[in-house]
Number of protein chains: 2
Amino acid sequence: MPASIDFYFDFSSPYSYIASEWIEALAARHGRTVHWKAILVGATFQATGLKSPLDHPIKREYSLHDFERSARFAGVPLKIPNKFPVPTQNAARVFWWLHDKEPATASHWARHCLRACFARGADLSDVSALQGLAAEFGLDPAQAQAVWTDPAWKARLKAVNDAAITAGVFGAPFFVIDNEPFWGNDRRPQIERWLEKGPF
Amino acid sequence: MPASIDFYFDFSSPYSYIASEWIEALAARHGRTVHWKAILVGATFQATGLKSPLDHPIKREYSLHDFERSARFAGVPLKIPNKFPVPTQNAARVFWWLHDKEPATASHWARHCLRACFARGADLSDVSALQGLAAEFGLDPAQAQAVWTDPAWKARLKAVNDAAITAGVFGAPFFVIDNEPFWGNDRRPQIERWLEKGPF
C-alpha cells in the first residue's frame, strides 16, 4: 500500500485552509491516505528566524490579495477575517487530543475550524467562539476548554512542533510524500505529478 | 491590443531562469508581448528588510532541491552552479544598455546569460566569463565592460530597481499583467488562467 501523505497545516494559515480543501480528494484519487498534523508556524518562525509575509509591509498587501485570488483559483470560498492573524494554539491542542483517540476525527475537526475561520469569519482565538465550534462539532465545550488549558496537551503540541522543525518543516502547508518535501499550496501541480507518475 | 506583460527577473535567480523559458511562448499564445525588466533582488531585499531563502539555513536545503525539481517540472535544463549565488549587476547593466537601444535584443541577452549560468554553469560575476558571453552574443567585450563600469548604466539599473520597489515588486520573477501582480515561477497556472479568461 502506498505511503500516507504527511500534511502539516496551521489553523491560522489561509494557504493551509485552501490546501485542506483539496488534499483529501487528490490523495484518494491516487489510493493514498492523509496524515494531518497541526503545527504552529509562528513557533517555527521563532525557532528559525523566519518571519510571516504579513510582517513585511511590502509583502503584506500582495499576500492579502494573493490569499483570496489563490482561493478563487482553487474554487474554495475564502474571506480573510477582520481579526487576522490570531493565535490558534487552542484549536491545535484540541486537534491533538482528538488525534490521539482517532486521527480521522481530528482531521474533521481541522476542516470544521478552518472553514469556520476562513469561510465564515469565526475568531479561533476567542474562547466562547471556540467553545461554540466545539459544541457544533459534538464536543462538550467545557471538556474542550479543559483540554486546551491542560499542560499535557500544551506539551503534546510543542513536541509535535519541535519534531516538525527537526524534520525540516519551516512553513505551512507543508507536505511530505515518500520522503519528498513540498512547501506551499502552490506546489499542488508538482504533488499531482508525483502522485500520478512518481518521482521526477 | 492587449497590454504587454511586465516580467521582472534577476540574473542570479533560478526561478527567474525557469520562468524566462516559458513566459514568451505563453504570452505569444495569448497575443501578448513581454516587457523584460532586469532587477537586483538583493537590493530589493536590502530596501525592504527581506532575506533570500538561501540565507535561512532551514530553507536553504529545501530551496536548492526545489530549484532543480521545479526546473524538471517545467522541462527546463538546470544545474545550480558551484558558485551560487553570485553578484550579477554587470549582466544587468549590459541588459539596460541594450534595452534602451532595442528591448528585444536585451531579452535575447537575458536568455543568453541565464542559460549560460543555469544550464552550463557560467559564472556571471567573473569578468572574463562575462566578456566571453558578450563576444558569443556578438558584442565587443571591451565595450560591454565599458558599459558595466559606466556610472550612467549603474545609475540606470539603480533607477529601475527603485521604480520596481515603488511599484510593489519584492522578489523575482515578478509579473504584472493588466495591473495584476503575480510573484513567483509557481504562479504560472494563475497567469495562464488570467491570460485565457481574464480576471478571476
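Give me A:T88, B:T149 sorted ascending by neighbouring Cβ count inside 10 Å, so fewest comes first. Before the final figure, lay out the partial values.
Working: A:T88 24, B:T149 12.
In increasing order of surrounding Cβ atoms, one gets B:T149, A:T88.
Find the relative contact order for chain A and round it to a whole percent, using C-alpha pairs within less than 8 Å whose residues are 6+ positions apart.
Working: 256 pairs, mean separation 60.1, N = 200.
The value is 30 percent.
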Margin query: Under 13 Å from a point placed 7 Å out from the Cα of B:K79 along the Cα-to-Cβ direction: which residues of region B:102-122 have their backbone N that close?
Written below: B:116-122
Next item on the list: State the answer as a single residue: which of A:A91, A:I80, A:H30 lies farthest towards the positive end of the charge dipole of region A:5-197, with beta carbon charges of +1 for Lys and Arg and -1 for Asp and Glu, about the Cα centre.
Entry: A:I80
Notebook entry, point to check: In nm, to one decimal, how far is the A:T166 label point from the A:A3 one, both placed 7 Å along Cα→Cβ?
Noted result: 1.7
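Ignoring everything except DSSP H segments at least 4 long, calculate the 222 nm mean residue ellipticity for chain A; use -39,500 (n - 2.57) per segment, divide by total residues, nearest 500. Present the calculation step by step, with values, prior to reporting the outcome.
Numbers: 9 runs with 115 residues, N = 200.
Using -39500 (n - 2.57) per qualifying helix, the result is -18000 deg cm²/dmol.
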Next item on the list: Give, as ranges by residue number, the residues of region B:110-127 whose backbone N falls under 15 Å from the point 7 Å along Cα→Cβ of B:A25.
Entry: none
Check: Suppose every K and R has +1 on its Cβ and every D and E has -1 on its Cβ; what is the size of the dipole of chain B about the Cα centre, in Debye to the nearest 20?
Finding: 260
Next item on the list: Find how many whole Å separate the alpha carbon centroid of region B:111-152 from the alpha carbon centroid of region B:180-200.
Entry: 32
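Could you tell me which of rounded, prolate or oblate describes region B:1-45, using a ≥ b ≥ c as the square roots of the eigenvalues of the alpha-carbon gyration tensor, with rounded for a/c under 1.5 and, failing that, prolate when a/b is larger than b/c and oblate otherwise? Display every interim value, and only then the final one.
Values: a/c = 4.21, a/b = 1.85, b/c = 2.28.
It comes out oblate by the Cα gyration axes.
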Next item on the list: Determine, for A:L139, B:L130, the number of other Cβ atoms within 10 Å of each Cβ, and report the residues in order from fewest to most.
Entry: A:L139, B:L130
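Would you mind counting up the charge near B:F182? Only other residues with Cβ under 13 Å from its Cβ, with Lys and Arg at +1 and Asp and Glu at -1.
Numbers: positive: A:R69, B:R187, B:R188, B:R193; negative: A:D66, A:D186, B:D6, B:D178, B:E180, B:D186, B:E192.
Local charge sum for B:F182: -3.
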Notebook entry, point to check: Any idea what log10 I(q)/I(0) is at q = 0.16, 0.19 Å⁻¹ for chain B, Debye with uniform C-alpha scatterers and no solvent?
Noted result: -1.07, -1.50
Next item on the list: Kindly flag which residue pairs out of A:K37/A:K83; A:K37/A:K158; B:K101/B:K158; B:K37/B:K101; A:K59/A:K83; B:K101/B:K154 have an alpha-carbon separation exceeding 20 Å in this structure.
Entry: A:K37/A:K83
Item checked: Gyration tensor (alpha-carbon) shape descriptor, the protein assembly as shown, a/c threshold 1.5 -> prolate
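Please arrange A:F137, A:F11 by how many other C-beta atoms lie within 10 Å of their C-beta, fewest to most.
On the way: A:F137 17, A:F11 29.
Fewest-to-most Cβ neighbours within 10 Å comes out as A:F137, A:F11.
We did not get these values from a lab; they are worked out from the coordinates using the rules stated. The structure presented is a predicted model; accordingly, all values stated were derived computationally and were not measured. Glycine also receives a Cβ, built like all others from the backbone with ideal geometry; neighbour counts cover every protein chain displayed.
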